[in-house]
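The values are calculated or read from the model by the stated rules, or taken from the named source; none is laboratory data. Everything numeric here is computed off the predicted structure, so don't read it as measured data. Please note: Cβ atoms are built from the backbone with ideal geometry, for glycine as well, and neighbour counts cover all protein chains shown. Ligands, DNA and RNA are excluded from the accessible area calculation, which covers all protein heavy atoms including side chains. Shrake-Rupley method; radii C 1.70, N 1.55, O 1.52, S 1.80 Å.
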Amino acid sequence: LRQHGINSGIVAVAGDLRVFGKRPDGSTWNIGIRHPRKKEGVMAQVRFLDRADMAISTSGDYERFFMKNGVRYHHVLSPDTLHPSLGNQSVSVIARDSTTADALSTAIFAMDPEKGFKLLESLPEVEGIIMGEDGRIVLSPGLKGHPKVAIEIIH
């Protein structure tokens, strides 16, 4: 897009978003992260600041699933059990590129929430938002005061 003279935009493909530049009116890009248990609800709002060139991807157990006997069966499998992963409702990862954000949101979703959080903490230029099975939301430490991203938890 930039090679064709487009200086700002948002590209959305299957739940993965990439923003660059500011909106044409000069305002920032605002992205809502869907609440995994409230069909029309928003869990958090992400604002990309200062001509951010960033990507965000969310993996969750709420788009492709079915319920049977009170159990939620979804499409992200645990590599340990080969059954739907447990522990998280939603994981959003913010990174410089969409490939990294997408791969990490899925991988962290499949992990135990504590291990996923530790992975987020260990990676440079990668931040995230994890909603655990219990509904508790945890932000990676780098999101506080981030120069290009502002988060508002709506829950």
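In the chain, if the dipole is taken from +1 on Lys/Arg beta carbons and -1 on Asp/Glu beta carbons about the Cα centre, which of G142, T99, T28 is farthest to the positive end?
T28
Largest first, please: the extent of the C-alpha atoms of the range 22-65 along each principal axis, to the nearest Å.
38, 18, 14
Averaged per residue, what accessible surface does the range 46-125 expose to a 1.4 Å probe, in Å²?
Numbers: 4410 Å² over 80 residues.
For the range 46-125, the solvent-accessible area averages 55 Å² per residue.
I need to check one value: relative contact order of the chain, counting alpha carbon pairs closer than 8 Å and at least 6 residues apart, in percent. Walk me through the numbers before you get to the answer.
Details: 319 pairs, mean separation 33.1, N = 155.
Averaging sequence separation for qualifying contacts and normalising by length gives 21 percent for the chain.
Could you calculate the contour length gain from A107 to L143, that is, 0.36 nm times the residue separation minus the distance between their Cα atoms, to one decimal place in nm?
Taking A107 through L143 to full extension adds about 11.0 nm, to one decimal.
To the nearest 10 Å², what's M67's accessible area with a 1.4 Å probe?
100
Using only the heavy atoms of the protein chains and a 1.4 Å probe, how would D80, D16 rank by accessible area, largest first? Mind showing how you got there, number by number?
Working: D80 140, D16 35 Å².
Sorted descending by solvent-accessible area, the residues read D80, D16.
In the P(r) worked out for the range 75-155, what percent of Cα pairs fall beyond 21 Å? Walk me through the numbers on the way to the answer.
On the way: 805 of 3240 pairs.
Of all Cα-Cα distances in the range 75-155, 25 percent exceed 21 Å.
Can you report the principal axis dimensions of the chain using only the alpha carbons, biggest first, rounded to whole angstrom?
The Cα atoms of the chain stretch 52, 31, 29 Å along their principal axes.
Accessible area of K38, 1.4 Å probe, to the nearest 10 Å²?
Accessible area, nearest 10 Å²: 100 Å².
Using helices alone, what [θ] at 222 nm do you get for the chain, with -39,500 (n - 2.57) per DSSP H run of 4 or more residues, divided over all residues and rounded to the nearest 500? Display every interim value, and only then the final one.
On the way: 2 runs with 23 residues, N = 155.
Estimated from H runs of four or more residues: -4500 deg cm²/dmol.
Can you give the FRET efficiency to the nearest 0.05 for R136 and S8, using r as the Cβ-Cβ distance and R₀ = 35 Å?
On the way: r = 35 Å, r/R0 = 1.00.
It comes to 0.50.
Quick one: angle between helix 113-122 and the longest Cα principal axis of the chain, in degrees between 0 and 90, rounded to 10, please.
Roughly 30 degrees, rounded to the nearest 10.
Take every Cα pair under 8 Å in the range 1-46 that's 6+ residues apart, average their separations, divide by the length, and report that relative contact order as a whole percent. Before the final figure, lay out each step's value.
Details: 50 pairs, mean separation 10.3, N = 46.
Relative CO of the range 1-46 lands at 22 percent.
In cubic angstrom, how much convex hull volume per residue do the alpha carbon atoms of the range 36-114 span? Before the final figure, lay out the partial values.
Working: hull volume 8.7 nm³, N = 79.
So the per-residue Cα hull volume is 110 Å³.
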